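**Q** Can you keep this structure in mind? I'll have questions shortly.
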Amino acid sequence: MKHKKIQKKFLLYIDGDLSVAEKLMIDQHLNECVSCKKHFEELADIWMKERKFEKPLPSPALWYDLKNRMEKETERSNPLRAIVGNAKLLLNSVITVGVVVFAIFLGSRFGSVLSPQSAAQNVTYAQSANIRDEFGMSYFDAVPPNSLAKDLFITSPNNKGLQK
Amino acid sequence: MEEKIILEHLKNGDKFIYKYFYDQYVRMVYGVCFRMTSNKEEAEDAVQDVFIKVFNSINSFREDSKLSTWIYQISVNICINKSRRKKVINFLSLDFWEEEKGEKEMAADSLTPREEIERSEIQKIVQGAINTLPAKQKTAIILSRYEELSYKEISKIMELSISAVESLLFRAKENLAKKLIRYKEIFQ
């Protein structure tokens, strides 16, 4: 029990926080007790060494992290900047929607030019139909009623095939 | 630059002084935060909180104490609050139940003969023991041992009487001695 009480005071003894009477008491005990003396020496070694280690240093990037965070917080706390920020977001959304609508308009207005039933293609089909008619080949066509080919024949001006 | 001039610029909201102010105090703030949190990332996060708090509430600094005392006070409060929040989060996330295990793991890491104990291991042992102290004792010992502040300064930072600080440090050192001797007994 006495050992524990003495050991408890070791750091206070090392740091010079004890009264003269307490110091003497510990000195006396350390002279008599080998085990406590060993503990004391080890503890003193660790305690003194650790104090001498240099201070930890922050990372050099810490200032930039802090600066960025402050800028973000300023933006958040400034109502005018918040409004400008929101307006920018709104404008971006409007522009995106506008582009999509315009693309749809263009598609519906001029899309037929690119469709399979365009004039140029019709001419090609018509020409092929004429050739087929000339040689009487259309009589041998087996065009299913719902096939795309049926529509092509109908749209060609000189079509006299079975479907017609 | 004198403290008064820095303060004047800070109170005027002159942002050009921020970097200078940061350079002046960052080592001090980081030192306390690192000792209080024992973790580099958490310490850096706390340092940011401290500077933002200082810049935002500089006008509430009454100048009846040193600027460094006020900054220490903010640093200590922020670290204590962070540590409380962390404890709650750990408790809720079940990490709390593994805290004891972590301590044992730390102890097992340093199972080396005294001659081979390296600097990091000594730090681990002492810092580990300091971390187990109650918050007030831990704060007092960090400010006294590592920041080398007087009892008077610590009493101002912690808003306690000088005798209360003396008593805290006394108990802190008694507790640390018990813990450190126990560590040594376990390892040998």
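The values are calculated or read from the model by the stated rules, or taken from the named source; none is laboratory data. All figures in this text were calculated on a predicted structure; none of them were measured in a lab. In this analysis, Cβ positions are derived from the backbone assuming ideal geometry, glycine residues included, and neighbour counts consider all displayed protein chains. Accessible surface areas use protein heavy atoms only, side chains included; no ligands, DNA or RNA. Shrake-Rupley method; radii C 1.70, N 1.55, O 1.52, S 1.80 Å.
**Q** Hey, which of the helices (runs of 4 or more DSSP H) in the range B:1-71, taking only ones fully inside, have at least 1 residues that are within 14 Å of another protein chain (Cβ to nearest Cβ), among the acidic types (D, E) and open to solvent by 30 Å² or more (accessible area, probe 1.4 Å)?
**A** So the answer is B:16-37, B:40-56.
**Q** A further question on this structure: Please verify whether A:I14 is in contact (Cβ under 8 Å) with a residue 24 or more places away in the chain, within 30 Å of B:R27 (Cα to Cα) and at the interface with chain B (Cβ under 10 Å from one of its Cβ atoms), treating the condition exactly as stated.
**A** Judged against the criteria, A:I14 is a match.
**Q** For the range B:109-142, name all the residues that are modelled with pLDDT under 80, open to solvent by 60 Å² or more (accessible area, probe 1.4 Å) and either more than 10 Å from chain A (Cβ to nearest Cβ) or farther than 20 Å from B:R35 by Cα (or both).
**A** Within the range B:109-142, B:D109, B:L111, B:P113, B:R114, B:E115, B:E116, B:E118 qualify.
**Q** Let me ask something additional. Identify the residue in the range A:47-96 that is among the charged types (D, E, K, R) and under 30 Å from B:A177 (Cα atoms) and, among all such residues, is nearest to the chain's Cα centre (by Cα). Walk me through how you get there before you give the answer.
**A** The initial filter retains those residues of the range A:47-96 that are among the charged types (D, E, K, R), namely A:49-52, A:54-55, A:65, A:67, A:69, A:71-73, A:75-76, A:81, A:88.
Checking the rest, the ones that are also under 30 Å from B:A177 (Cα atoms) come to A:49-52, A:54-55.
Numbers: A:K49: 46, A:E50: 43, A:R51: 44, A:K52: 44, A:E54: 39, A:K55: 37 Å.
Result: A:K55.
**Q** Take the conditions open to solvent by 90 Å² or more (accessible area, probe 1.4 Å), modelled with pLDDT under 95 and either in a helix (DSSP H, G or I) or within 14 Å of another protein chain (Cβ to nearest Cβ) (or both) and apply them to B:K104. Does it pass?
**A** yes
**Q** I've got another one for you. Among the listed residues A:R76, A:R51, which satisfies the condition of being without any contact (Cβ under 8 Å) to a residue 12 or more places away in the chain and at the interface with another protein chain (Cβ under 9 Å from one of its Cβ atoms)? Working first, answer last.
**A** Details: A:R76 fails: at the interface with another protein chain (Cβ under 9 Å from one of its Cβ atoms).
Residue meeting the stated conditions: A:R51.
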